[in-house]
1. Please determine whether any residue of segment B:122-137 is in contact (Cβ under 8 Å) with a residue 24 or more places away in the chain and within 7 Å of chain A (Cβ to nearest Cβ).
2. Looking at (1) in contact (Cβ under 8 Å) with a residue 40 or more places away in the chain; (2) away from chain B (no Cβ under 11 Å); (3) aliphatic (A, V, I, L, M), can you tell me which one residue A:195 breaks?
3. Can you pull out the residues in segment A:13-41 that are over 16 Å from residue B:118 (Cβ atoms) and charged (D, E, K, R)?
4. Testing residue B:329 on (1) closer than 18 Å to residue B:184 by Cβ; (2) among the small types (Gly, Ala, Ser); (3) modelled with pLDDT under 90, one condition comes back false. Which one is that?
5. Take residue B:188 and decide whether it is touching a Leu at 6+ places or on another chain (Cβ under 8 Å) and either in contact (Cβ under 8 Å) with a residue 40 or more places away in the chain or in the same structural domain as residue B:89 (by TED's automatic domain parsing) (or both).
6. Of the residues that sit in segment A:8-36 and are closer than 21 Å to residue B:122 by Cα and of a type in the set (Val, Ile, Thr), which one is farthest from the other protein chains (Cβ to nearest Cβ)?
7. Checking the condition modelled with pLDDT under 90, aliphatic (A, V, I, L, M) and more than 19 Å from residue B:182 (Cβ to Cβ), which residue from B:351, B:282 passes?
8. Counting only residues that are farther than 19 Å from residue A:151 by Cβ and either of a type outside the set (Phe, Trp, Tyr) or within 9 Å of another protein chain (Cβ to nearest Cβ) (or both), how many does segment B:157-184 have?
Amino acid sequence: MAKKGVADYIRETQVWKSIFRHGPPTDARNRAAVVAGNVFLHLHPIKLKRSGVQLGYTWCMGGLTFFIFLALTVTGLLLMFYYRPTAEYAYNDIIALKEHVPLGIMREIHRWGAHAMVITVWLHMFRVFMTGSYKPPREFNWGVGVVLLILTLLLSFTGYLLPWDQLAIWAIAVGSNMAKATPFLGHGGPGAALAQIGDFVMVSDKNDVRFQLLGGRFVGEPALLRFYILHCVFIPLVVGVLIAVHFWRVRKDGGISAPL
Amino acid sequence: MKEFINYMADPIRSFPIMTILYILMMKYYRIIGTKKFAIGAVVASLPVVAWFCMDANFRAIILWPDNIPINIIIILIAWLTWYSLYRCAQNDARIEKGECPIEATPENREKVWTWPNLVYTELMCMIGATVFLVVWAIIFKAPLEEPANPTWAPNPAKAPWYFLGLQEMLVYFDPWMAGVVLPGIIVVGLMAIPYIDTNPKGNGYFTIKERPLAMWMFMYGWLVLWIYLIIVGTFLRGPNWTFYGPFEYWDFHKVVSEYNVNLSEFLWIKWLNMPMPGNIVLREILGIILTVAYIVVIPLWSAKTKWGKKIIENTGQIRYYIFIFLLLGMTSLPIKMVLRWLFSLKYIIALPEWELNL
């Protein structure tokens, strides 16, 4: 009989058994149990085609996007402890974060992670297209993915404003000026001049889409608060729900794509 | 030599060059998609990159912290595009011999346990990504500029890098097109792909030969119209959104004489030698006719061609017209670029009275 190691004693304690309700995943039964019985791992099927586990096929870009999203959630939460979204405090809070928090790299990880998530989500789409994985029965999930891609860009875009430095407000000014030109809905766009009854201008710079986005006619304090709430609460919630739909549909549409 | 590269990097020359390179890449993907080619390309490009990096102006622009992601994405896209072509070339050679794609071999169809196979790969990817992010975060501090000042705009004022393709389109289109309509077409077009591409082949494996039209269109939009324009917008556009070559110092006083002419001015003043008519619709009549022809006559005419008939036969009328409309939306950008460069054409339809410039 093989000698029992420390690990085996730990595995036999009541505490361990209460957490992991299966034996070591070395045989078929326990390998199934470890995936099916764990709330995080049960996103996966118990078995899948070999082509679907090869990095050369999946590039792991979707998985990495999700992982970076989680990393950004954690670092973002930590940053929220130090940051107040007002024109008076925002910039100084970032300075304080830089100068008073020793060895801090949370803001760096959050910023570079945001860029990395845009990259991974694009490359995920690239891979899905190259392998034709949007074809039936996965048409709908491709659409969900496109929405998630747009939301990723919006998450990054709304976060861009929060440091409240020159780069931030002018990048947002350039971006939101586009909204001004929306046909019919922006005061500088085609068709806006048609929405006029006598002297009453229906679409003006005081009520068009840019105004709704910024809470004002320029990038000011209301815009900072709006972008903060969109960035920290609203868009992450929507993204979270859509990620659930996306993963659910990956499973229900037959798992990672493979030749029919 | 540096001046020659600066000269060639101007979109007037580099955009056609990129398009030609793209066509060559897709046409000869079987040569490019070999390991020999990849090794050769890397070996050949390393000294070139090293030589580029010796230039102070080039280093200044690529090492600006917020531009690092673009360097990363250029490297990743070059590598993954080559890798896709490599897999496509392998599979297409197999399919020609009557074999199944690599992904469909019995060995690859075999089911394996998620634990440990997939969980291990995911763990390694997560650790790799974590290390990468932490190292990146230690080397490059997140930049912070002067406090926000709404009364003083930096020059150039650039959007975040992933929107610079759209900002670059502003050179050729007004904001309502570059910022609203074209992005709208991109989003709707992407979501429409699975519904208009009814080709059942190429589902779940790399191939170009079995779905050439989808590949050619998507890769052109993705690599040339999106990524290339982002690179131009990031690295080659300086103050006043003026073109600056990769080795050029961003001199704020660089003067570029640019005088663009509307189509209506060509028509009435240059060709007809008449004063511009007071009626604005009459004034822009040629542009309006051309635009309507572009979005109505071309689809109707192309439906009668052999090419169009074949697509309609395969996918049906509705899918065909959606497809051709999206295709025309995509090609409107290169068309407008070429018209601008060849004829200094500003607007095809210039109706500033209605904020409708095209």
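1. Yes, the conditions are met somewhere in segment B:122-137.
2. Against the list (1) in contact (Cβ under 8 Å) with a residue 40 or more places away in the chain; (2) away from chain B (no Cβ under 11 Å); (3) aliphatic (A, V, I, L, M), residue A:195 comes up short only on (1).
3. Matches in segment A:13-41: A:17, A:21, A:27, A:29.
4. (3)
5. Considered against the rule, which asks whether it is touching a Leu at 6+ places or on another chain (Cβ under 8 Å) and either in contact (Cβ under 8 Å) with a residue 40 or more places away in the chain or in the same structural domain as residue B:89 (by TED's automatic domain parsing) (or both), residue B:188 comes out as yes.
6. So, considering only residues that are closer than 21 Å to residue B:122 by Cα and of a type in the set (Val, Ile, Thr), the one farthest from the other protein chains (Cβ to nearest Cβ) is A:26.
7. B:282
8. Residues in segment B:157-184 being farther than 19 Å from residue A:151 by Cβ and either of a type outside the set (Phe, Trp, Tyr) or within 9 Å of another protein chain (Cβ to nearest Cβ) (or both): 15 in total.
The values are calculated or read from the model by the stated rules, or taken from the named source; none is laboratory data. Given the structure is predicted, the values throughout are model-derived calculations rather than measurements. Cβ coordinates were reconstructed from backbone atoms using ideal geometry, including for glycine residues, and neighbour counts include every protein chain displayed.
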